[in-house]
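Below is one structure, written out as structure tokens; the observations come after it.
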Amino acid sequence: MAKIENVTVRELKIWDLIKLIRWYRNLSNESKHFFHPFPETLLNPRFFITWIVLSLSCIKFLRKIFLKILPQLTYISVCSVYLNEIVGFAFIKLRNRYYGELGIGVRDEFQGMGIGSMLMEILIALARKEGLKRIGLTVLADNYKALRLYEKFGFKKIRYIKNGDVYRGKKYDCIEMQLNLQ
């Protein structure tokens, strides 16, 4: 694995959002097949809701308030930055005060360099700091790199879901995984 120097991992800031949209649009079709957590089209009303909630969650004092009163409207998110561009992104979308669902993606040409591990390490530490008890995720059954990464960080396979994901009209098998933080 080739490491890359000068990659910074930090919490996502509100001014990163335009870069994040550009980052996602520049992922290969294969990467989008594995990582597609947000609606891709402006025609989908969920597109705006998702980006508004993500934006508000980038402001720490608002995130603290949302965690207490509306946790399901809260993201904990981090990004990796190289030469002022986002090269990786990871988030936990809270479902309640103590449980959230994780997503992670790394730009194609930066995969295999340890950036995913750096993102996971920081994101899990933030989740613990915010008081989460458990993190879940769903991964495509044929995404072997991601499965290895999740297992490295202690995620356990919970169940196999036949046709559990739909991407661009096609169904894919998934594996549900969880990490207990206690």
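The values are calculated or read from the model by the stated rules, or taken from the named source; none is laboratory data. All values derive from a computational prediction rather than experimental measurement. Using ideal geometry, Cβ is built from the backbone for each residue, glycine included, and neighbour counts are taken over all protein chains shown.
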Set Ile52, Ile65: member being in a helix (DSSP H, G or I), surrounded by fewer than 12 Cβ atoms within 10 Å (Cβ to Cβ) and among the aliphatic types (A, V, I, L, M): Ile52
Pair list, Cβ < 6 Å and 6+ apart or interchain, from region 142-165 residues that are of a type in the set (Phe, Trp, Tyr) to residues that are part of a helix (DSSP H, G or I): Phe153/Met120
Filtered residues of region 94-122 (kept if surrounded by 22 or more Cβ atoms within 10 Å (Cβ to Cβ) and part of a strand (DSSP E or B)): Leu94, Gly100, Leu102, Ile104, Gly105, Val106
Criterion violated by Ile76 - all others in (1) in a strand (DSSP E or B); (2) over 23 Å from Thr50 (Cα atoms); (3) hydrophobic (A, V, I, L, M, F, W, C) satisfied: (2)
Which numbered condition Glu151 misses (of (1) closer than 22 Å to Leu62 by Cβ; (2) at pLDDT 95 or above): (1)
Subset of region 141-182 that is small (Gly, Ala, Ser) and at negative phi - its residue that is nearest to the chain's Cα centre (by Cα): Ala146
Selection from region 8-19 of residues that are among the aliphatic types (A, V, I, L, M) and surrounded by fewer than 18 Cβ atoms within 10 Å (Cβ to Cβ): Ile14, Leu17, Ile18
Residue satisfying all of: in region 123-134; surrounded by fewer than 18 Cβ atoms within 10 Å (Cβ to Cβ) and either touching a helix residue (DSSP H, G or I) at 6+ places or on another chain (Cβ under 7 Å) or charged (D, E, K, R) (or both); nearest to Gly103 (Cα to Cα) among these: Arg134
Residues of region 135-150 classified as touching a Gly at 6+ places or on another chain (Cβ under 9 Å) and either loosely packed, with under 15 Cβ neighbours inside 10 Å or in a helix (DSSP H, G or I) (or both), total: 3
